[in-house]
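Chemist: Before I ask anything, let me first share the structure, which is written out below as structure tokens.
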Amino acid sequence: MKEYKVVFNLEGQPFDEMVSQCMNDGWQLHGNPWSHQEPEGGLVHLYQAITREVTVQYVMVEEDEEGTEKASKEEENKDS
């Protein structure tokens, strides 16, 4: 399963460092960055979508023939 998020910061070194740290933590760039400039003051914010593969664990609950609930753990691997 893919996890997706958007990181953002002011234009310049803070943004560059944030994106670099995310990439060092296993995230990958998804598309191009985009920007937004405040009408007053001229601050420019940059945004970057990033994704990474994650392992998801979940519990499946089933009822047996007697109506008793039975839980079983399953895991979806990164490669699925």
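The values are calculated or read from the model by the stated rules, or taken from the named source; none is laboratory data. From a predicted model like this one, the values you see are computed outputs, not experimental measurements. Neighbour counts run over all protein chains shown; Cβ positions are idealised from the backbone, glycine included.
Chemist: Do you know which of the residues in region 46-56 that are modelled with pLDDT of 95 or more and not β-branched (V, I, T) is surrounded by the most Cβ atoms within 10 Å (Cβ to Cβ)? Working first, answer last.
Modeler: Start the filter on region 46-56 by keeping residues that are modelled with pLDDT of 95 or more, which leaves 46-52.
Those still in the list that are not β-branched (V, I, T) too: 46-49, 52.
Working: L46: 19, Y47: 14, Q48: 21, A49: 16, R52: 17.
Among residues in region 46-56 that are modelled with pLDDT of 95 or more and not β-branched (V, I, T), the one surrounded by the most Cβ atoms within 10 Å (Cβ to Cβ) is Q48.
Chemist: Follow-up question, since we're still on this one. N32 passes all but one of (1) modelled with pLDDT of 90 or more; (2) assigned to a strand (DSSP E or B); which number fails?
Modeler: (2)
Chemist: Filter region 8-42 down to the residues that are surrounded by fewer than 14 Cβ atoms within 10 Å (Cβ to Cβ), within 24 Å of V54 (Cα to Cα) and in contact with a strand residue (DSSP E or B) (Cβ under 7 Å, 6 or more places away or on another chain) and list them by number.
Modeler: Passing the criteria: G26, Q28, L29, G31.
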